[in-house]
């Protein structure tokens, strides 16, 4: 995502977000309302962020490239993606993936909380829940904060048993008494839900 990409590489957001600039440029042109929502959501977690600067350049071969530049609030100077933290870049990618207007049938995200501010994790939970009304979203996490954004019924816990992985869907009714005093994340920390190393 930190390198230039071809403007025409925008049919879908690639899994490594290497075409993020081209994908955002397409949304800016063809789905301005969605683009605006993405921008506003990014600003909730990165308040100094103002907007993306997506200006294609044309090579001698007539191929057009675009780079993910951005500007901060109160400035018109374009900054490089390397001038954002890795967590901020990760959040921008996650917001774009989860808010895209035509999502794939399934979105799989591994440990999306890495590098995120606690408030950004709260926003991420809301984004995942919202996206899950439009497509299947599968998230693996070890984050107590992210777990706290969901209901027990949303969780599938993976345990290692007899050399293999065992997937268990939980039911909130099994934990009603516990949930009167503890959050879901605390129950996971205490190994009540499973999914933790055992001897």
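Read-outs throughout are calculated quantities, based only on the coordinates presented, and are distinct from any laboratory measurement. Keep in mind that what you see is a predicted model, and the values were worked out from it rather than measured. All Cβ positions, glycine included, derive from the backbone under ideal geometry; neighbour counts span all protein chains shown.
Exactly one residue among 60, 17 is exposed (fewer than 12 other Cβ atoms within 10 Å of the Cβ) and part of a loop (DSSP other than H, G, I, E, B), and that residue is 60. The listed residues are 97, 120, and the only one of them that is out of contact with any strand residue (DSSP E or B) (no Cβ under 7 Å at 6 or more places or on another chain) and either surrounded by fewer than 17 Cβ atoms within 10 Å (Cβ to Cβ) or outside any loop (DSSP other than H, G, I, E, B) (or both) turns out to be 120.
Scanning the stretch 120-150 for residues that are over 13 Å from the mean Cα position of the chain (by Cα) and more than 28 Å from residue 30 (Cα to Cα) returns 142, 143, 144, 145, 147, 148, 149, 150.
Number of residues in the stretch 129-151 that are in contact with a helix residue (DSSP H, G or I) (Cβ under 9 Å, 6 or more places away or on another chain), without any contact (Cβ under 8 Å) to a residue 40 or more places away in the chain and not in a loop (DSSP other than H, G, I, E, B) equals 6. Suppose we filter the stretch 161-186 for residues that are free of Cβ contacts under 8 Å to residues at least 12 places away in the same chain and within 14 Å of residue 142 (Cβ to Cβ); how many remain? So the answer is 0.
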